[in-house]
1. Going through A133, A137, A146 one at a time, which residue ends up being of a type in the set (A, V, I, L, M) and open to solvent by less than 20 Å² (accessible area, probe 1.4 Å)?
2. Pairs needed: first member in segment 150-161, open to solvent by 10 Å² or more (accessible area, probe 1.4 Å); second member anywhere, assigned to a loop (DSSP other than H, G, I, E, B); C-beta distance under 8 Å; at least 6 residues apart or different chains.
3. For a quick check of your reading of the model, give me the residue pairs whose first member lies in segment 73-91 and is open to solvent by 60 Å² or more (accessible area, probe 1.4 Å), whose second is hydroxyl-bearing (S, T, Y) and modelled with pLDDT of 90 or more, with beta-carbon atoms closer than 6 Å and at least 6 apart or on different chains.
4. Looking at (1) open to solvent by less than 20 Å² (accessible area, probe 1.4 Å); (2) part of a loop (DSSP other than H, G, I, E, B), find the lone condition where A173 falls short.
5. Can you tell me how many residues within segment 13-33 are touching a residue at least 40 places away in the same chain (Cβ under 8 Å) and in a strand (DSSP E or B)?
6. Only residues that are of a type outside the set (G, A, S) and either under 20 Å from W58 (Cβ atoms) or more than 25 Å from the chain's Cα centre (by Cα) (or both): list them for segment 20-38, please.
7. Condition first: in contact with a Gly (Cβ under 7 Å, 6 or more places away or on another chain) and surrounded by fewer than 17 Cβ atoms within 10 Å (Cβ to Cβ). Now tell me which residues in segment 33-49 satisfy that.
Amino acid sequence: AHPQEFVSVHAELQEYGVLLVPRLVMEGGMLRLTGAAVVEDGRLVGWLNDEETEGANWLLGHVLRSLVAVPCPVDDGSPIAAWVRLHRRSVRTRMEDGLPRFDILLTMTAWLVDAGRCPVVPEKASDRRRIEAELTAAVKRLAEAAVRRAQQELRVDYLRLREELRRALPAAAEELDWKQTFPAVRVDVDVRMAAGGVVFPGESLRTVPYD
């Protein structure tokens, strides 16, 4: 969920029927954004926690950058942190066994900001690959948490997959009862590092489009 003006909230509800609204709570005398409300047809139908909200933002393409902390791949007691940014989002939509299937590919870039206690060697390709694997796995867990919450628990398409179906297969989208179909569709999420990999402190970004 991301901050929006009332006019845009109304417009999105009119267009999509469902919307994520940032949740603002008072903690320790201070206001804090945590999670999101799921609004469908003007009614509150449920809540997302922080992880589910961030995962939804990745899948919707709303992430500008996010601070992700993961274990050091060679020493679990020394976590590392990186700013990660969505580089590209693509959705492949097709029918499989009478139901829609969505293959979502997210590619991202990453800048390490805290790895001082992690004994990795930037010049060592295997160390870089292990850090990339940790970071992409962390984002994938967030995205899959958002999918589970949408399909299995709330049964509400706040990920706007119906819009992907309408663009790719408009005839199928018109024929299906989406409210009944959505919980059963297959959604596969793949997260990869964009070409150039993780950028260590002192290095320059070497990103080219991922193919």
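The values are calculated or read from the model by the stated rules, or taken from the named source; none is laboratory data. Treat the numbers as computed from the prediction; the structure is a model and nothing was measured. As a convention, Cβ positions derive from the backbone with ideal geometry for all residues, glycine included, and neighbour counts pool all protein chains shown. Accessible surface is based on the protein model in full, side chains and every heavy atom, while ligands, DNA and RNA are left aside. Shrake-Rupley method; radii C 1.70, N 1.55, O 1.52, S 1.80 Å.
1. Values: A133 fails: open to solvent by less than 20 Å² (accessible area, probe 1.4 Å); A137 fails: open to solvent by less than 20 Å² (accessible area, probe 1.4 Å).
Being of a type in the set (A, V, I, L, M) and open to solvent by less than 20 Å² (accessible area, probe 1.4 Å) holds for just one of A133, A137, A146, which is A146.
2. As it stands, the answer is Q151/V185, since those pairs meet every condition given.
3. Taking only residues 6 or more apart or on different chains, the pairs are R85/T109; H87/T107; H87/T109; R88/T107.
4. (2)
5. Result for segment 13-33: 3.
6. L20, V21, P22, R23, M26, E27, M30, L33, T34, V38 - these are the residues of segment 20-38 that are of a type outside the set (G, A, S) and either under 20 Å from W58 (Cβ atoms) or more than 25 Å from the chain's Cα centre (by Cα) (or both).
7. Selection gives D41, W47, N49.
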